[in-house]
Each structure stands twice: as C-alpha cells, then as structure tokens.
C-alpha cells in the first residue's frame with residue numbers, strides 16, 4: 001500500500017504598493033449625499049487624488065464636478081499640499097462629487113481645526129439632507145396622480 005508523503009507548502013508574501021501608503025499618516029473624512037457614500041484619506045506631501053482606483057480627472061471628466069471636489073482645497077489655499085485615496089459608492093455623478101467634497105472637508109478639519117470657520121461659512125461641512133421622496137400608493141410617482149377622467 002502506498003504511503004502518503006506530506007508536502008510542506010510555502011507561501012510567498014507579495015510586497016504591495018499600498019504598503020508604504022498604509023504606514024504614512026493620513027487624515028480621514030466621511031461624506032454622504034443622497035445615496036452616495038465617500039470615504040476619504042488625505043495624505044500630506046502627495047499630489048494626486050485617486051478615486052476608486054482611477055485618477056481624479058478620469059473618474060470625473062466634467063469640469064464642474066472637478067471644481068466641486070477641489071473647492072475645499074482652493075478655499076483653504078492648500079491644493080498642492082494634499083493628495084489622497086477616495087472610495088465612493090452609490091448615487092449619481094453629482095451626488096458622488098458632493099459626498100467627496102464633504103469627506104475632504106472633514107479630513108481637512110481633522111488636519112487643522114482652525115479651518116472650521118472658513119469651511120463652515122462656505123457650506124462645505126454641512127451635509128445636504130435632500131433625498132428622493134418615496135413613491136406613494138395609488139400615485140404614479142411621489143406626488144403625481146393618475147389622469148382624472150369624468151367618464
């Protein structure tokens with residue numbers, strides 16, 4: 001009868017590019033808008049913003065949404081000092097951009113508490129509470145009633 005030999009498996013750990021980023025100090029911010037949720041990590045001394053693995057300008061090609069995201073940096077005049085990683089889920093393009101803006105603002109607040117007054121005055125620290133109204137029973141949409149017919 002043949003005997004089974006035991007083979008010892010060796011695993012090789014891969015050095016990842018994110019290993020250095022994990023050891024770096026970062027400032028965290030969390031933002032929401034409608035159904036969009038954004039988790040923001042800002043790293044000092046880094047230039048680029050990466051959103052869901054894509055470069056910032058590729059993820060949001062429209063200039064208006066790019067300006068929405070860069071607004072807190074421009075308000076505080078520190079655009080060239082920070083870069084970061086952003087994970088964003090749900091919502092549409094504008095909702096994601098505004099969620100990221102809120103997350104960046106909260107991360108900047110974690111970096112320096114003196115930024116609060118200027119960011120608050122610009123409206124970047126306030127979560128926009130507007131949500132889509134739910135559809136009601138018997139109606140075509142949230143408030144639109146079916147066409148009324150006399151006969």
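Things worth noting here:
- Scanning region 125-137 for residues that are surrounded by fewer than 10 Cβ atoms within 10 Å (Cβ to Cβ) and either closer than 28 Å to residue 96 by Cβ or modelled with pLDDT under 95 (or both) turns up 129, 130, 131, 132, 133, 134.
- Taken over region 31-65, the residue count meeting the criterion of being more than 13 Å from the chain's Cα centre (by Cα) and part of a helix (DSSP H, G or I) is 4.
- Residue within region 125-145 that is closer than 30 Å to residue 24 by Cα and assigned to a helix (DSSP H, G or I) present: no
- Among the residues of region 79-98, the one identified as part of a loop (DSSP other than H, G, I, E, B) and either free of Cβ contacts under 8 Å to residues at least 24 places away in the same chain or buried (at least 19 other Cβ atoms within 10 Å of the Cβ) (or both) is 79.
The values are calculated or read from the model by the stated rules, or taken from the named source; none is laboratory data. It should be emphasised that the depicted structure is a prediction, and the values quoted were computed from it without experimental measurement. Backbone-built Cβ (ideal geometry, glycine too); neighbour counts: all protein chains shown.
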